[in-house]
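*Asks:* Following this message is one structure expressed as structure tokens.
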Amino acid sequence: MTTAEGERLLDVLDEAECRRLLPTACMGRVAFTEGAMPAIQPAAFTVSGNDVLIPTGLGSKMAAGSRGAVLAFEVDDYDLTERTGWNVTVIGPSRLISDPIHVTALNALGARPWSPATTHCYIALHMAVVRGRRISSSRRPSPRSPHG
């Protein structure tokens with residue numbers, strides 16, 4: 001579905017395009033529950049198969065809030081001047097990966113916790129729902145009229 005506002009267009013992205021855009025972002029935001037309240041924190045990440053892997057401190061609030069919970073993760077890119085950009089949201093069940101052998105193997109993928117952590121782990125967020133949208137400029141040459 002596409003709608004227009006002035007010179008901008010809103011397009012809903014299909015899952016394939018969302019999965020293509022997801023790993024191009026350098027940072028994201030993870031939404032989790034902390035003390036029965038919603039919380040959102042910036043997070044480094046990498047993608048492996050159908051999982052978004054989020055490194056975090058082993059004793060962090062994000063790690064505690066992710067144990068078996070359904071999480072949301074969002075990435076985006078935008079141009080503030082043009083008011084254009086895109087966003088991708090992933091929703092799904094999570095699991096905590098804290099076994100040192102698995103953590104060491106995942107470290108090879110290059111993601112490091114955003115917040116300093118003496119001991120870290122990974123949140124593996126399974127991509128059950130993947131959706132996104134793009135706001136783009138409609139500034140294109142107008143088609144020529146058949147009468148002129």
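The values are calculated or read from the model by the stated rules, or taken from the named source; none is laboratory data. This one's a predicted model, so the numbers in the text were calculated from it and none came from an experiment. Ideal geometry is used to build each Cβ from the backbone, glycine not excepted, and the neighbour counts take in all protein chains shown. Surface accessibility is based on the protein's heavy atoms, side chains included, excluding ligands, DNA and RNA. Shrake-Rupley method; radii C 1.70, N 1.55, O 1.52, S 1.80 Å.
*Asks:* Can you tell me which of I40, I101, I123 is under 14 Å from the mean Cα position of the chain (by Cα), open to solvent by 90 Å² or more (accessible area, probe 1.4 Å) and among the aliphatic types (A, V, I, L, M)?
*Replies:* I40
*Asks:* May I ask you to list the residues in the range 15-37 that are part of a strand (DSSP E or B), open to solvent by less than 70 Å² (accessible area, probe 1.4 Å) and modelled with pLDDT of 95 or more?
*Replies:* Once the filter is applied, which keeps residues that are part of a strand (DSSP E or B), open to solvent by less than 70 Å² (accessible area, probe 1.4 Å) and modelled with pLDDT of 95 or more, the range 15-37 yields G28, V30, A31.
*Asks:* Right, next: Which residues, taken from the range 66-91, are surrounded by 13 or more Cβ atoms within 10 Å (Cβ to Cβ) and basic (K, R)?
*Replies:* Scanning the range 66-91 gives a single hit, R83.
*Asks:* Then there is this: Name every residue in the range 4-14 that is under 18 Å from the mean Cα position of the chain (by Cα) and open to solvent by 90 Å² or more (accessible area, probe 1.4 Å), in order of residue number.
*Replies:* Correct list: V12, D14.
*Asks:* Another question, then. Give P23, P55, P38 a once-over and let me know the one that is free of Cβ contacts under 8 Å to residues at least 40 places away in the same chain and under 18 Å from N107 (Cβ atoms).
*Replies:* Every option except P23 fails the conditions.
*Asks:* Another question, then. Considering only the range 56-65, I want to know if a residue exists there that is open to solvent by less than 60 Å² (accessible area, probe 1.4 Å), in contact with a strand residue (DSSP E or B) (Cβ under 8 Å, 6 or more places away or on another chain), part of a strand (DSSP E or B) and more than 25 Å from R133 (Cα to Cα).
*Replies:* There is at least one residue in the range 56-65 that is open to solvent by less than 60 Å² (accessible area, probe 1.4 Å), in contact with a strand residue (DSSP E or B) (Cβ under 8 Å, 6 or more places away or on another chain), part of a strand (DSSP E or B) and more than 25 Å from R133 (Cα to Cα).
*Asks:* Among (1) modelled with pLDDT of 95 or more; (2) surrounded by 12 or more Cβ atoms within 10 Å (Cβ to Cβ), which single condition is A128 missing?
*Replies:* Among (1) modelled with pLDDT of 95 or more; (2) surrounded by 12 or more Cβ atoms within 10 Å (Cβ to Cβ), the lone unmet condition for A128 is (2).
*Asks:* If you scan the range 12-34, which residues turn out to be of a type outside the set (A, V, I, L, M, F, W, C) and in contact with a helix residue (DSSP H, G or I) (Cβ under 9 Å, 6 or more places away or on another chain)?
*Replies:* Correct list: G28, T33, E34.
*Asks:* Now for a separate question. Of all residues in the range 106-120, count the ones that are open to solvent by less than 50 Å² (accessible area, probe 1.4 Å) and under 24 Å from E17 (Cβ atoms).
*Replies:* So the count comes out to 1.
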